[in-house]
Amino acid sequence: MVGGAWDWVRRKRPLVDCFFASPLLLMTVPGIYGGRGGIGPWEGAALIAGLLGPMALRRTLPRTTFAAVALVSFVQWAAGLNVVPANAAVLMGLYTVAAGPSFRWGLAALAVTVVGAAMAAARYISDGDQFRYAFLMLAGMALGVWLLGLHMRTRRQYLRSLEERAERLERERETEVRIAMAAERARIARELHDVVAHNVSVIVVQADGAWYAMEGDPARARRALEAISTTGRQALTEMRRLLGVLREGGEAEPSQAAAPEPPEGAYAPQPGVDQLGDLVEKVRAAGLPVEFDSEGTPPEMSQGRELTVFRIVQEALTNTLKHGGPHATARVRLRYGADALEIEVTDDGRGAAAADDGRGHGLAGMRERVAVYGGHVRAGPRPGGGFEVVAKIPLREEVRT
């Protein structure tokens with residue numbers, strides 16, 4: 001509500017400027033029309049209009065407003081009309097010009113105001129001592145107003161620079177996140193590429209075995225053909241996922257998203273659920289106590305899914321090693337359900353309170369991997385302290401041949 005009111009005020013500049021000039025109007029009118037200023041009603045009306053009218057455009061046209069008010073004050077001085085409270089509009093105009101973007105125009109407005117103060121003191125005060133006192137007082141007021149405007153100008157420039165810096169940092173942060181996501185997609189694509197290549201290698205080996213066993217051992221050939229069928233379906237599914245990842249990363253720069261060709265013979269199986277025990281042992285050897293347990297019966301999963309499970313546990317334990325602190329402990333739990341696998345990695349360290357350097361994109365990588373299989377990830381501080389990563393990956397899907 002306050003923000004909306006402030007936006008409305010910023011859009012209604014002339015109305016707000018009139019409001020700030022209204023006290024001068026209320027102080028000037030009684031003096032002129034009460035017969036105490038020695039100024040006629042028509043002269044007073046023209047003087048009020050000339051001094052306060054331009055104030056409606058004080059911030060819209062600051063230099064023009066100051067010039068108009070200074071010119072009206074000069075005409076007032078030349079006509080011998082008495083000074084009125086509305087003449088303070090000169091100081092308001094001086095402040096606005098000094099607070100503007102140009103230092104030279106503010107300095108010129110200060111010089112005009114000081115000259116006007118000297119002219120006013122010379123005309124309306126005849127005594128020398130009083131003239132010096134009045135001039136110094138008026139010039140001091142002008143200098144104070146100019147310094148205030150200069151201070152506001154510097155402050156606005158500082159705040160503007162902070163806003164621009166914050167916007168630039170936000171853009172850079174978004175760019176870094178996009179680059180990290182593109183790099184993670186490229187990594188996922190390379191790993192899925194290896195999975196597909198390994199499956200194709202298995203198909204070739206099984207096909208050769210079926211060919212040689214076709215006449216002498218039909219049952220063995222039949223088993224080989226069944227393995228070819230199953231492996232081919234898995235390879236086809238992983239190929240679709242590979243193409244989906246490449247489409248999602250299509251907008252990335254080639255230097256970030258393009259996966260280099262792996263060397264010949266590099267199509268080895270990627271790590272999976274069976275390698276989680278070795279991963280836990282390595283983490284324990286690194287100094288982090290880890291408890292690992294599994295619930296339910298592990299179903300047959302594709303290598304891509306197993307690779308995703310392994311990478312999620314690996315990234316979560318790596319984060320605990322980096323941010324958990326010297327006395328942290330971790331727990332890895334796998335829950336196999338009928339339709340989904342839930343991965344839960346928790347720790348009791350200070351990861352929730354650890355300083356974020358803004359350079360890690362592991363959680364974004366987890367989400368990218370799980371999203372490939374239609375799952376989701378929840379990561380954040382635990383209510384009792386520590387950090388937790390919970391991922392859920394569907395186990396069933398429709399396979400089209």
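The values are calculated or read from the model by the stated rules, or taken from the named source; none is laboratory data. For clarity, every value in this text was computed on a predicted model and none was experimentally measured. We place every Cβ from the backbone using ideal geometry, glycine too, and count neighbours over all the protein chains shown. In case anyone asks, the SASA skips ligands and DNA or RNA and just uses the protein heavy atoms, side chains included. Shrake-Rupley method; radii C 1.70, N 1.55, O 1.52, S 1.80 Å.
Straight-distance candidates among the lysines for linking to residue 12, with alpha-carbon spacing under 24 Å and chain neighbours fewer than 8 residues away dropped, are absent. Electrostatic tally near residue 57: other residues with Cβ closer than 14 Å to its Cβ, Lys and Arg +1, Asp and Glu -1, net +4. Listed by chain and number, the lysines whose alpha-carbon sits under 30 Å from that of residue 392, ignoring those within fewer than 8 places in the same chain, are 282, 322. At a probe radius of 1.4 angstrom, the accessible area of segment 55-184 per residue rounds to 60 square angstrom. Sorting the segments 337-350, 15-28 by their residues' average number of neighbouring beta-carbon atoms within 10 angstrom, most packed first, yields 337-350, 15-28. For segment 22-143, the spread of Cα positions along the three principal axes, ordered from largest to smallest, is 42, 35, 22 Å.
Taking amide H as placed 1.01 Å from N in the peptide plane, residue 337 has its amide H under 5 Å from the amide H of 342, each at least 5 places away in sequence or on another chain. Placing a pseudo-label 7 Å from each Cα along the Cα-to-Cβ vector at residue 60 and residue 225 gives an inter-label distance of 8.8 nm. In segment 66-126, the C-alpha radius of gyration followed by the widest Cα-Cα span (Dmax) gives 11.8, 39 angstrom. Each label point is 7 Å from the Cα along the Cα-to-Cβ direction; what then is the distance between the points at residue 175 and residue 322, in nm? Label-label distance for residue 175 and residue 322, simple model: 2.2 nm.
Taking R0 as 56 Å, what FRET efficiency do you get between residue 158 and residue 336 from their Cβ-Cβ distance, rounded to the nearest 0.05? Don't jump to the answer; show the numbers that get you there.
Values: r = 58 Å, r/R0 = 1.04.
The calculated FRET efficiency here is 0.45.
When only the heavy atoms of the protein chains count and the probe is 1.4 Å, how do 151, 327 rank by accessible area, highest first?
Working: 151 110, 327 165 Å².
Descending order: 327, 151.
Pull out a ≥ b ≥ c, the square roots of the eigenvalues of the alpha-carbon gyration tensor of segment 75-169, then state rounded if a/c is under 1.5, prolate if not and a/b is larger than b/c, and oblate in the remaining case. Taking the square roots of the gyration eigenvalues as a ≥ b ≥ c, segment 75-169 is prolate.
Model label sites at residue 130 and residue 82, defined 7 Å from Cα along the beta-carbon direction, differ in position by 1.4 nm.
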